[in-house]
Structure formats: C-alpha cells, structure tokens
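The values are calculated or read from the model by the stated rules, or taken from the named source; none is laboratory data. Keep in mind that what you see is a predicted model, and the values were worked out from it rather than measured. A quick note on method: Cβ atoms are made from the backbone with ideal geometry, for glycine too, and the neighbour counts reach across all protein chains shown. Keep in mind that these areas ignore ligands, DNA and RNA; they rest on the heavy atoms of the full protein, side chains included. Shrake-Rupley method; radii C 1.70, N 1.55, O 1.52, S 1.80 Å.
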Amino acid sequence: QVQLVESGGGLVQAGGSLRLSCAASGSRFSINRMAWYRQAPGKQRERVASITSSGNTDYVDSVKGRFTISRDNTKNTVSLQMNSLKPEDTAVYYCNVLTSVLYQYWGQGTQVTVSS
C-alpha cells in the first residue's frame, strides 16, 4: 500500500507563492507518473500538472508559466511550485501517483486559499 504525505498548503494573497510537496512511500513497484490535481467547491477534480519518471511535464493551460512541477526519483517526492497565484487557484490540491503496474494512489489533500 502506497502512502502519500502532502505538505505546504495554506493561505496566501493574490500574486503570492506557495510550494506543495508530496512524499510517497511503501510502493513495491516503480512510480511512473506523479501529478497534482485540484478540486474547487462545486467543480470537478482536474489535473493541474504531471511529471513522468523521465522528467516529461504537462500542465493545464490555466497554470502554464506560473506553476512548476518537479520530482526527485531517488526519494519518490514531487513538488509543485506555484507562483503568481490567483483567487481561482483556490482549491484542495491532491498528490497522485501511478505505478508501473497501473495502480493509482491519492494523497489526503491540502487546502490552498488565495485571497484577492
């Protein structure tokens, strides 16, 4: 059973920055993709950013140029640097990993609130 521990959420003013981190442990299989999703009240969960084990990244259009995802394969950690935050970035952010045998795991979620 893979455990994901997230940290780094909080309250920030518009234009500010936050960094989210997630550490994965307990996986018997290698981790292929690591990603961050978010879910705002009344909205569907959306994938914000993802990164493969080889370092290929992908971002939703609304965060391109503002957010940067990175990972440390030796430690099985993934981070999301969020700059120029906007009120519409307010959501619960979830860490997500996909293993080599296509098992998927979720973190408990961390609240990010951006005030205007």
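Key figures for this structure:
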{"read-out": "Burial ranking of peptide ranges 86-94, 48-56, 24-32 (average Cβ count within 10 Å, highest at the top)", "value": "86-94, 48-56, 24-32"}
{"read-out": "Size of electric dipole in the chain: Cβ of Lys, Arg +1 and of Asp, Glu -1, about Cα centre, debye, nearest 20", "value": "100 debye"}
{"read-out": "Cross-link reach list, lysines versus residue 86, counting only Cα pairs under 16 Å and skipping chain neighbours closer than eight places", "value": "64"}
{"read-out": "Accessible-area composition of the chain, carbon plus sulfur, in percent [1.4 Å probe]", "value": "46 percent"}
{"read-out": "Under Karplus coefficients 6.51, -1.76 and 1.60, residue-wise ³J(HN,Hα) of the stretch 55-60 in Hz, glycine/proline x", "value": "x, 6, 10, 8, 9, 5"}
{"read-out": "Relative contact order (%) - criterion: Cα under 8 Å, at least six apart; region: the stretch 70-116", "value": "36 percent"}
{"read-out": "Probe 1.4 Å, protein heavy atoms only - accessible area per residue of the chain in square angstrom", "value": "53 Å²"}
{"read-out": "Gaussian network model of the chain, springs between alpha carbon atoms under 10 Å - residue of 33, 71, 45 with greatest fluctuation", "value": "45"}
